[in-house]
Structure formats: C-alpha cells, structure tokens
Amino acid sequence: MKRTTARTTTPAPRLLIALAALALAFLLLPLIGLLLETPWAQLPALLTTTTATEALRLSIITSLLAAAVATILGVPLAWVLARKEFTGQRLVRGIVLLPLVLPPVVGGVTLLTAFGRRGLVGQYLYDWFGIQLPFSTAGVVMAEAFVAMPFLVITVEGALRNIDTRYEQAARTLGASPRTVLFRITLPMISASLLAGIVLAWARALGEFGATITFAGNFPGVTQTLPLAVYSALEVSRDEAIALSLVLLAVSLTVLVSLRGRFLGSRS
Amino acid sequence: MRFPLLAALALSLALASCAPPTADNDDATTITVSAAASLTDAFTEIGEAFTEANPGIEVRFNFAGSSTLAEQINAGAPVDVFAAASSLSMDRARDALAEPTLFASNSLAIAAPAGNPAGIVSLADLQDPNVTFIVCAVQVPCGAATEALLERNGLEVTPSSLEPDVRAVLTKVIADEADAGIVYRTDTAAAGDQVEQIAIADEVNVINHYPIAATKAAPQAADAFVDFVLSESGQQILRTWEFASP
C-alpha cells in the first residue's frame, strides 16, 4: 500500500507522459484497426469452417506439446546456467537466447540443416528409421519449441538466481538428497516464475509462424497452425484472416493480462 | 504474435501515404515492379536490360505469390507495374490497374531432387503413399494450375505441403526435403542441375497465361517497362528462361 501512494505522488515530467501515451497509441492502434475491420456478424460462420477448426485444434495441441518440451528440457538447462560455473558459460547463454533475436524463418532454415532429410541428424533419422520431420506435426512442435524455449529458460534462470539458497542448504544438511531438494524445495520456491515461463513459452509457440512454415510446411490438419491459416486465408478472404487473427489476439491478451502481476512479481 | 503479411500491408500503406517512391525526380526515376515468383530470374534479367536501354529509370522488384501481390496492391502498396502468373490473380487488383496485356505462358512440370531418389517417372507415381511431394497453395496461380492438372488426370493424391509460392516448392525440392514438387517448367530450367525435370505431356498439361499491367497511378516509366517486356528484346529474355509466347 505504501508503495502505491509513493507512486501516485511522484510528479512526472509532461514530456514523459506524452511519450508514454504515444507509445501506447502505437501499440493500440493496430488492435483497434483489426477490431474495426472485424466482420462481427459473420464471425461464428468464419470461425467454424473446417480450416479454422482444424487450425485451432492443431495450434492448441502443438503449442501445449511445445511448451511441455520447452519445460522438460528448459528447466534443467536454466538450473545448470544459474547454479554451475563453467567455461564458455556466456557463449552457452548466448546460444540459448539466440532464437529470441533470430528471424524465425532463419530458425526454420537452421532446423532444416539439422533435422531435414539431408540434415546433420535428420539424414540418419531418415536413412535408418524412415523418419521425416519436415511436413510432419512433430516438425511443427520442434519449430515451436525452438523459438519458445528461451522464454522459459530466462524466466526460470532469473528466478533460480533470486531465491535464497539457504533453504536448499538447510535441507541438504538435514539429509535430503539433491533430487528431493530440487522437487521439494527449489521448484516450489520458484513455482510462480516457472508457471510464468511456461505460459510465455506456450504463448510464443501459439504465435509461431516463420520457423513452422519453413521447417514443417503448410498442410491443413497436419502442419497448418492458426498463424499459417491466417497467412493462407489472407490471400483469399481478408475477413477469414481477420477472424482468425482475432482468435489469436484474444487468447494471447487473456494470457498476458492474467499473467502480468505474477510475471512482474508485483502481486503481493 | 506474428502477422507478417498484415504488418507488411500496414507498412506499405504507411510508406505509400508519406513518401511515394514513384515521385518524379530530376535525376532518376525508380519504378516498383511486383512480379510473380516464377518470374524471378527472367524479370531480374529484363530489369537489367531495361535499365541499360533506359539509363534514367531504375527498376525495383517485389517477387512473391501473385495473390499476395494483388492483395498488397489492393491495400495501397506503392507499385507501378504488376506482372501476374494468371489473369485470375490479376483480376483481384483490377480496379487499380490499367488494361492488362498477356506477355508469356508457362506450363507445369514435376521437379525431383538431383538424382531423382524416389525414381519418379510420371504423374501417376505421385499416388505412391511413400512419395513425399509438395505443391503450391491453391490461392497462388501455380497451385490453381496444379489442382486443375491433378483433376484433369484423375489423380486422387494428398500432397505433404501447400507452399506459399512456387519458389518455396522449388527450394524444398532442391534441398531434397521432398521427393517431388509440381512447379512451372521454367522453374526447373532456372534450377539447372539442382533438380531433375519430369516433363508432363502438353495434351494433359495446364497452361498459365501471364498478364502485365501498369497501375493507374504509375508514372510513364511504368508503361515503358511494360512495352519493354512485350518488345523483341524482352520476349527474347523470356524465351531463354523457357517461357512460351502468350
């Protein structure tokens, strides 16, 4: 409560307020534009086409799987980065964060060079087991996990660095195994951040476009997720594209609004 | 969230309203030509020849699927010339365009990666469920032509992917991610040794006719470019890339 009072009484320079308003308008106007162009009357019909429902179903399944992959692999990576000192640590952290800044299309190209039919690993998967990741739903999950994992890793790593390690040390001296400490002390202590990381990773996976179309292709029901359906629809029916965009927007906004307090750690 | 195309449209609208790159300039005029992905190589060469013949005019190209280009023009993108791979896509932006003229034609072919690992010899081989083959999305001209081709030959097949333009299909075939792709004959010519072309006989093939038109708002330089494409030298370049006469 004290903090809130302090905030409201701090005088703000007018220029700052003006620029803040400009920033908000810049972010808000495209959303308003979309809402104004939305064909509300046809919305139910547009969102129940086979393309729309298949894309929605596929998007939900693949984004949840991608978030799961990102969590199972990302939490251990975050733990190692936060708790261990090793040579090349800065390089490793750079590599982990790379998908955040890489254009997703480039991410898709790099995935092809690794996991495509003639890729570094992909050629053996294909020659030995006949597994083709491009043009498969598994390929979509990989593309999404690739771009989503950094969100989870940075969130969890930050949380691990901030918690008081004395609780873990106390547990150790009382005879708990490292595994027990991890599951009974460490993970419960960072649960809010972990959840935030998972949700952010999931939201990023849901919106993934470039890496998916490049690595996994575009086929309804198999690899055509919502963003790909928006892209395809835009060339035939603007209304359908806008309707599908609206679904993505609504889902993302809901997630981000409900997450904000937790993510910033400002909820008491 | 990613909405690349919407973003691109918004951006081109913004650009169109504040700084039209088509504005006449004392030194040089730059014209923007939106052309179908299949024209990438031929038009790049035509552009160079055109600038050589008209030193005052620079040509900037915007290659993509014809339907994307039509959508961009409808959204107000600052384009001076539009060359599409089918009249159907051009008609989508018809209101913004002058009278179109046909300038080339093209037909389909099967492209396989170098060495043809799946041993494709005819369209019928695409029915083998073990063959991974990809096509253009039906929204773009090559996809519409592919659909007509498959229908005409009574083939019930399921492709692995519907790619956003013909060059995306070609790229994935070159990379050997797919056993075969249906592309234009000209694309297999452009790819050279990187792909193996499996020809489709004329009597069962589908022919696309390519129209070109300047936009209504375009400067005179745009008409000069259209004339150049239709001229002897323009047509000769199109022939070297294996486009047929319109």
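By the scheme Lys and Arg +1, Asp and Glu -1, what is the net charge of all other residues having a beta-carbon under 12 Å from that of B:Ile207?
Spelling it out: positives minus negatives among the neighbours equals 0.
Roughly speaking, what is the centre-to-centre gap between region A:136-181 and region B:190-246 when only Cα atoms are used, to the nearest Å?
56 Å
Where is the GNM fluctuation largest for chain A (alpha-carbon springs, 10 angstrom cutoff): A:Ala21, A:Ala205, A:Ala243?
Of A:Ala21, A:Ala205, A:Ala243, the most mobile in the Gaussian network model is A:Ala21.
Hey, in the GNM for chain B with a 10 angstrom Cα cutoff, which one of B:Glu203, B:Glu177, B:Glu48 fluctuates hardest?
Sorting by GNM fluctuation, first place goes to B:Glu203.
Please state the relative contact order of chain A as a whole percent: Cα pairs under 8 Å, 6+ residues apart?
Once divided by the residue count of chain A, the mean separation gives 28 percent.
Let me check the size of region A:143-268 from its C-alpha atoms; what are the radius of gyration and Dmax in Å?
That works out to 19.6, 66 Å for Rg and Dmax.
Residue by residue through region B:34-51, which ³J(HN,Hα) values in whole Hz follow from phi under the Karplus form 6.51 cos²θ - 1.76 cosθ + 1.60 (θ = phi - 60°), with glycine and proline marked x?
8, 10, 4, 3, 5, 8, 3, 6, 4, 6, 4, 5, 4, x, 5, 5, 5, 5
Beyond 46 Å, what share of the Cα-Cα pairs of the protein assembly as shown remains, rounded to the nearest whole percent?
Beyond 46 Å sits 22 percent of the P(r) for the protein assembly as shown.
Just to compare against my own numbers: the Cα pair-distance distribution for chain B, 5 Å bins, whole % per bin, please.
Answer for chain B: a P(r) of 1, 7, 14, 18, 18, 15, 12, 9, 5, 2, 1, 0, 0 percent.
Using helices alone, I'd like the mean residue ellipticity at 222 nm for chain A: each DSSP H run of four-plus residues gives -39500 (n - 2.57), total over residue count, nearest 500.
-24000 deg cm²/dmol
Amide H neighbours of B:Ile134 under 5 Å, counting only residues 5+ apart in sequence or on other chains, H built in-plane at 1.01 Å?
Counting only residues 5 or more places away or on other chains, the set is B:Ser160, B:Ala180, B:Gly181, B:Ile182.
In the neighborhood of B:Cys136, defined by Cβ-to-Cβ distances under 13 Å, what is the net charge if each Lys or Arg adds +1 and each Asp or Glu adds -1?
Here the count lands on -3.
Apply the a/c threshold of 1.5 to the C-alpha gyration tensor of region A:46-156 and tell me whether it is rounded, prolate or oblate.
It comes out oblate by the Cα gyration axes.
Share of the protein assembly as shown's accessible area from carbon and sulfur, percent, 1.4 Å?
62 percent
To the nearest 20 debye, what charge dipole does chain B have about its Cα centre, counting +1 at the Cβ of each Lys and Arg and -1 at the Cβ of each Asp and Glu?
520 debye
When a/c is below 1.5 the answer is rounded, else prolate if a/b is larger than b/c, else oblate, so apply that to region A:111-156 with a ≥ b ≥ c taken from the square roots of the Cα gyration tensor eigenvalues.
Taking the square roots of the gyration eigenvalues as a ≥ b ≥ c, region A:111-156 is prolate.
On C-alpha positions alone, give me the angle between the axis of helix B:4-18 and the longest principal axis of chain B, in degrees, nearest 10.
20 degrees
Residue by residue, what Karplus-based ³J(HN,Hα) values in Hz, rounded to whole numbers, does region B:223-236 have, using 6.51, -1.76 and 1.60 with θ = phi - 60° and x for Gly and Pro?
Listing the rounded values in order: 5, 4, 5, 4, 4, 5, 4, 7, 6, 3, 5, x, 5, 4 Hz.
Give me, ordered by chain and number, the residues 5 or more places off B:Phe61 or on other chains with an amide H under 5 Å from its own placed amide H.
The answer is B:Val33.
As an exercise, identify the trypsin sites (Lys or Arg not before Pro) in region A:1-102 lying in DSSP coil whose Cβ has no more than 16 other Cβ atoms within 10 Å.
Passing both the DSSP loop test and the Cβ count: A:Lys84.
Pick from A:Glu168, A:Glu208, A:Glu54: which is most flexible by mean-square fluctuation in a GNM of chain A where alpha carbon atoms under 10 Å apart are linked?
Result: A:Glu168 has the largest fluctuation of those listed.
Could you state the accessible area per residue of region B:167-246 in Å², with a 1.4 Å probe and every protein chain left in place?
It amounts to 42 Å² per residue over region B:167-246.
Per-residue mean of other chain beta-carbon atoms within 10 angstrom of the beta-carbon, peptide B:169-177?
4
Relative to the Cα centre, what is the charge dipole magnitude of the protein assembly as shown, using +1 at the beta carbon of each Lys and Arg, -1 at the beta carbon of each Asp and Glu, and rounding to the nearest 20 debye?
4160 debye
In terms of the Cα gyration tensor, with a ≥ b ≥ c the square roots of its eigenvalues, is chain A rounded because a/c is under 1.5, prolate because a/b exceeds b/c, or oblate?
Oblate.
Skipping prolines and chain starts, which residues have an amide H placed within reach, meaning under 5 Å, of the one on B:Ala104, given they are 5 or more residues away or on another chain?
Under 5 Å from the amide H of B:Ala104 lie the amide H atoms of B:Tyr210, each far enough along the sequence or on another chain.
Using a probe radius of 1.4 Å on heavy atoms only, what accessible surface per residue do you get for region A:1-153? Whole Å² is fine.
With all protein chains present, region A:1-153 gives 63 Å² per residue.
For the interface of chains A and B, what total accessible area is buried with a 1.4 Å probe, rounded to the nearest 100 Å²?
Adding both sides of the contact gives about 2600 Å².
With just the Cα atoms defining each centre, how far is region A:17-80 from region B:51-70? Give it in Å.
Answer, in whole Å: 35.
If you line up the long axis of helix B:141-152 against the longest principal axis of chain B, both from Cα atoms, how many degrees apart are they, to the nearest 10?
30 degrees
Just want the answer: with Cβ charges of +1 for Lys and Arg and -1 for Asp and Glu, which residue in A:Thr180, A:Met142, A:Ala55 is farthest toward the dipole's positive end in chain A?
Sorting the options by dipole projection puts first A:Thr180.
Let me check I've understood the local charge: for A:Thr49, count other residues with C-beta under 15 angstrom from its C-beta, Lys and Arg +1, Asp and Glu -1. What total comes out?
Here the count lands on -1.
Which whole DSSP H helices in chain A pass both tests: a Cα extent of 30 Å or more along the axis and a mean Kyte-Doolittle value no lower than 1.0?
A:14-37, A:50-83, A:137-162, A:238-264
Of B:Asn153, B:Ala75, B:Ile198, which is farthest on the positive side of the dipole of chain B, counting Cα position, with +1 on Lys and Arg Cβ, -1 on Asp and Glu Cβ, and the Cα centre as origin?
Value computed over the given set: B:Ala75.
The values are calculated or read from the model by the stated rules, or taken from the named source; none is laboratory data. Small disclaimer: the values here were computed from a predicted structure and weren't measured. Backbone-built Cβ (ideal geometry, glycine too); neighbour counts: all protein chains shown. Each accessible area value is taken on the protein alone, full model and side chains, heavy atoms only, with ligands, DNA and RNA left out. Shrake-Rupley method; radii C 1.70, N 1.55, O 1.52, S 1.80 Å.
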